[in-house]
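Working notes, structure below.
The values are calculated or read from the model by the stated rules, or taken from the named source; none is laboratory data. These numbers were taken from a predicted model, which means no experiment stands behind them. Neighbour counts are summed over all protein chains in view; Cβ atoms, including those assigned to glycine, are modelled from backbone coordinates with ideal geometry. For the accessible areas, the whole protein counts, side chains as well, though only heavy atoms, and no ligand, DNA or RNA atoms are used. Shrake-Rupley method; radii C 1.70, N 1.55, O 1.52, S 1.80 Å.
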Amino acid sequence: MVQPRFLSRLSLLAATAGLLTSCTGTRLALPGLPGLPKPEQAPISDAAPAPTLQPSSSVIVDAVEKAGPAVVRIDTVKRTVNPLGGIFGRGPAIQQQQGQGSGFITRSDGVLLTNAHVVEGASEVSVTLPDGRSFTGKVLGADPLTDVAVVKVVASKLPVATLGDSNKVRPGEWAIAIGNPLGLDNTVTAGIISAIQRTNAVGEGQRVPYIQTDAAVNPGNSGGPLINDRGQVIGINTAIRQAPGAGLSFAIPINTARQIAAQILERGYASHPYIGVRLQALTPQLAKEINATTNECRLPEVNGVVVVEVMANSPAARGGLKPCDLIEKVGDKTVRNASEVQLGVDRGKVGDPLAITVLRNGSRQNLTVRPAELPREG
């Protein structure tokens with residue numbers, strides 16, 4: 001016989017089960033009861049569902065995928081004599097200084113380009129590819145005037161970077177830097193071409209018309225490529241100028257680097273013509289002061305570049321250049337500063353006639369100079 005108290009408990013459970021059924025006959029869930037579905041969470045958004053993402057392309061991604069496999073890390077060891085070592089007992093007699101930079105492969109048989117300052121004085125050079133392969137590198141030659149160096153590794157079928165045409169680069173185009181800044185391998189930064197033909201980027205009288213970009217470049221990027229949106233190398237990252245809240249970087253145009261590298265591969269060094277003059281930037285104010293204080297020069301009160309010294313027995317002296325000459329043209333190019341004169345001379349060839357137009361005491365004269373080979377250091 002069932003006890004009344006037990007029956008009342010069954011009735012309560014039955015009543016409770018009835019409360020768990022909705023008006024549609026669907027069983028509702030209470031939290032904490034096993035076997036029952038959990039209540040639906042309150043929605044936090046009523047936006048339409050996002051469409052399924054499809055694979056997309058990016059000019060920067062595509063460019064990096066083309067050039068990236070050929071960008072390498074260059075590790076160097078430089079051994080120097082410790083003047084306080086050895087007999088004085090203050091450290092080892094020979095000290096080792098480690099350095100790091102970047103480079104890029106241009107020939108599948110192991111020829112690569114980098115900066116001269118990356119491999120300067122290096123006793124050991126190690127080249128590491130993005131895929132992890134590492135090779136011992138040999139410096140075939142370096143040109144400190146343009147900061148271009150050629151390194152060779154013993155290998156074959158290496159990935160290569162396609163070289164572009166830096167003469168076609170225009171401000172506003174994409175500029176993508178790949179390298180190993182601050183020890184962080186395979187780093188990509190992007191910006192735009194800020195300016196071209198920067199002959200005063202790192203001082204007057206430079207032999208390189210630098211490409212200026214706002215792509216972030218840091219120590220370790222040196223020697224790495226600056227590429228365009230088609231994955232073509234348009235420059236070699238070489239220098240930076242920093243200021244609070246901003247920074248600019250400069251690259252050697254690949255056309256300049258290509259010319260220097262070809263000479264290094266052919267003869268082991270780069271050839272540079274020179275004429276043997278010392279130049280000074282001229283301003284209207286400076287011309288007025290010179291004219292007022294000396295009778296040796298009568299200079300037009302304009303912006304330009306004036307000869308202040310001619311080396312004895314130099315090509316310039318043999319060609320008739322004199323102090324106080326205002327240089328107006330080198331070859332067929334008008335020049336406005338010392339760097340443009342230098343670039344004009346560099347466009348000539350050793351021993352070939354080079355036309356130079358000067359203004360001397362109000363009279364325009366056309367001179368012919370034959371540049372000589374610039375003596376190499378060491």
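Structure notes:
- Search result, residues across the range 309-324 that are part of a strand (DSSP E or B) and open to solvent by less than 80 Å² (accessible area, probe 1.4 Å): VAL310
- Strands (runs of 3 or more DSSP E) wholly inside the range 142-200 that include at least 2 residues being under 18 Å from GLY220 (Cβ atoms) and among the hydroxyl-bearing types (Ser, Thr, Tyr): 187-198
- Search result, residues across the range 325-338 that are part of a strand (DSSP E or B) and open to solvent by less than 60 Å² (accessible area, probe 1.4 Å): LEU326, ILE327, GLU328, VAL330
- Comparison of LEU326, LEU374 shows that the only residue that is free of Cβ contacts under 8 Å to residues at least 60 places away in the same chain and among the hydrophobic types (A, V, I, L, M, F, W, C) is LEU326.
- Given (1) over 18 Å from the mean Cα position of the chain (by Cα); (2) open to solvent by 40 Å² or more (accessible area, probe 1.4 Å); (3) closer than 25 Å to PRO273 by Cβ, index of the condition GLY141 fails: (2)
- Any hit, the range 42-63, residues being within 30 Å of THR136 (Cα to Cα), at pLDDT 80 or above and open to solvent by 100 Å² or more (accessible area, probe 1.4 Å): no
- Matching residues in the range 109-128 - criterion: being modelled with pLDDT of 95 or more, surrounded by fewer than 19 Cβ atoms within 10 Å (Cβ to Cβ) and either farther than 27 Å from ARG376 by Cα or among the small types (Gly, Ala, Ser) (or both): ASP109, SER126, THR128
- Entry remark, the range 173-187: residues being hydrophobic (A, V, I, L, M, F, W, C) and over 16 Å from THR238 (Cα atoms) number 2 in total.
- Test result for GLU309, among the acidic types (Asp, Glu) and touching a helix residue (DSSP H, G or I) at 6+ places or on another chain (Cβ under 8 Å): no
- If you go through the range 208-219 and keep only what is assigned to a loop (DSSP other than H, G, I, E, B) and open to solvent by less than 10 Å² (accessible area, probe 1.4 Å), you end up with VAL208, ALA215.
- All positions within the range 339-356 that are open to solvent by less than 20 Å² (accessible area, probe 1.4 Å) and over 18 Å from GLN259 (Cβ atoms): VAL341, ILE356
- Check on ARG258, modelled with pLDDT under 95, surrounded by 15 or more Cβ atoms within 10 Å (Cβ to Cβ) and basic (Lys, Arg): no
- Verdict on VAL306 being aliphatic (A, V, I, L, M), at pLDDT 95 or above, crowded, with 20+ Cβ neighbours inside 10 Å and within 12 Å of LEU326 (Cβ to Cβ): yes
- Counting the residues of the range 144-158 that are open to solvent by 20 Å² or more (accessible area, probe 1.4 Å) and over 28 Å from GLN206 (Cα atoms) gives 4.
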